[in-house]
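Report on one structure; see the data block that follows.
The values are calculated or read from the model by the stated rules, or taken from the named source; none is laboratory data. What you see is a predicted model; the values in this text were computed from it and never measured. A quick note on method: Cβ atoms are made from the backbone with ideal geometry, for glycine too, and the neighbour counts reach across all protein chains shown. When the accessible area is computed, the model is the full protein with side chains, heavy atoms only, and any ligands, DNA or RNA have been set aside. Shrake-Rupley method; radii C 1.70, N 1.55, O 1.52, S 1.80 Å.
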Amino acid sequence: MPYKLVHDFISRDTLECLAVLFEGAKLGDVKGIAFAAMLRKNRYITNVAGLCYTNPTFSRGAVMTLQDEIAAIIHGRDPQETR
């Protein structure tokens, strides 16, 4: 059986995003988080913490906004475009 090269990379933009959120949390600016994290081998985890846990209705609204943004990426739409 031939070997298949599997690239293992570090996502620099993910590291930067997490560092910004971490600094914001340390300063008290980030009060809660709802997330989906993509892992190796097409696995993922989701979770909520802080105000996102204690205020689930508001958190669902924020996550629905994220859903809209991801849908726009899928459909190749400019987020500044108006209809």
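Numbers below:
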quantity	calculated
Unit charges on C-beta of K, R, D, E only; dipole of the stretch 2-83, Debye	400 debye
Fraction of accessible area attributable to carbon and sulfur, the chain (%, probe 1.4 Å)	61 percent
Cα lying deepest toward the dipole's positive end in the chain, options Ala49, Gly28, Leu66, charges on Cβ	Ala49
Accessible area of the chain divided out per residue, in Å², using a probe of 1.4 angstrom	99 Å²
Rg ratio (alpha-carbon, reference 2.2 N^0.38 Å) - the chain	1.42
